[in-house]
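Heads up, the thing below is written out as structure tokens.
The values are calculated or read from the model by the stated rules, or taken from the named source; none is laboratory data. Note that the structure is a prediction, hence the values are computed from the model and not measured. Glycine also receives a Cβ, built like all others from the backbone with ideal geometry; neighbour counts cover every protein chain displayed.
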Amino acid sequence: MTAFNLCRDGAPDRCTLDLCLKAPKEPVINIDLNPCFKRNPEAVFSELDGEIALFQSKTSDYLILNDEGSAIWDALSQPKSLDEICTRLVSMYSVETDQCRHDVQAWLNQACAKHVVVLMP
């Protein structure tokens, strides 16, 4: 399995900013605090041809999620911690826990920067 991306492969033209193309080198979110994440209610989403399409109304960002990104989005139907998301994904994909944590944290950083996912207060 390759690293998770916010947008599906082959669609960088449908995304804005470089956040969809590569993950940040250093995590932005302090996971030592074990925060919970949730979908931003301002992000409108729909399944189109088996893919999740997101639209962030405040920023006008339009994103198409790849399979892994869609699995993370699905996991966030209820607020979840990084560990809870990774537990679910490790059972779905052939990925090591450490790699999953790294990739999901990078995805969450991107999703928070795009304002489609928020930290729980």
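Only one of these is crowded, with 18+ Cβ neighbours inside 10 Å, free of Cβ contacts under 8 Å to residues at least 40 places away in the same chain and touching an Asp or Glu at 6+ places or on another chain (Cβ under 9 Å): Ala71, Ala53, Ala75. Name it.
On the way: Ala71 fails: touching an Asp or Glu at 6+ places or on another chain (Cβ under 9 Å); Ala53 fails: crowded, with 18+ Cβ neighbours inside 10 Å.
On inspection, the qualifying residue turns out to be Ala75.
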Item to complete: Please find, among Glu51, Glu47, the residue that is in contact with a helix residue (DSSP H, G or I) (Cβ under 7 Å, 6 or more places away or on another chain), farther than 14 Å from Arg101 by Cβ, at pLDDT 65 or above and of a type in the set (Asp, Glu).
Response: Glu51
Worksheet, complete the sentence: Checking Asp98, Asp83, Asp74, Asp61 in turn, the sole residue that is over 11 Å from the mean Cα position of the chain (by Cα) and under 14 Å from Val116 (Cβ atoms) turns out to be Asp61
Worksheet entry | Selection count where residues are in contact with a helix residue (DSSP H, G or I) (Cβ under 8 Å, 6 or more places away or on another chain) and farther than 24 Å from Pro41 by Cα, scope the stretch 97-121 | 3
Fill in: Hey, Val95 outside any helix (DSSP H, G or I) and either in contact with a Leu (Cβ under 8 Å, 6 or more places away or on another chain) or crowded, with 21+ Cβ neighbours inside 10 Å (or both) or not
yes
Discussion item. Could you check the stretch 33-54 and list, in sequence order, the residues that are assigned to a strand (DSSP E or B) and over 20 Å from Asn109 (Cβ atoms)?
Written reply: Val44, Ser46, Glu47, Leu48, Glu51, Ala53
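Is it fair to say Arg88 is surrounded by fewer than 19 Cβ atoms within 10 Å (Cβ to Cβ), on the phi < 0 side of the Ramachandran plot and either basic (Lys, Arg) or in contact with a Lys or Arg (Cβ under 6 Å, 6 or more places away or on another chain) (or both)? Show your work before the answer.
Details: surrounded by fewer than 19 Cβ atoms within 10 Å (Cβ to Cβ): yes; on the phi < 0 side of the Ramachandran plot: yes; either basic (Lys, Arg) or in contact with a Lys or Arg (Cβ under 6 Å, 6 or more places away or on another chain) (or both): yes.
When the stated conditions are applied, Arg88 passes them.
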Fill in: Residue match in the stretch 15-32 (condition: within 16 Å of Val117 (Cα to Cα), modelled with pLDDT of 90 or more and surrounded by fewer than 13 Cβ atoms within 10 Å (Cβ to Cβ))
no
Worksheet entry | Qualifying positions in the stretch 57-79 - touching a strand residue (DSSP E or B) at 6+ places or on another chain (Cβ under 6 Å) and either in a helix (DSSP H, G or I) or more than 18 Å from Ser46 (Cβ to Cβ) (or both) | Ser70, Trp73, Pro79
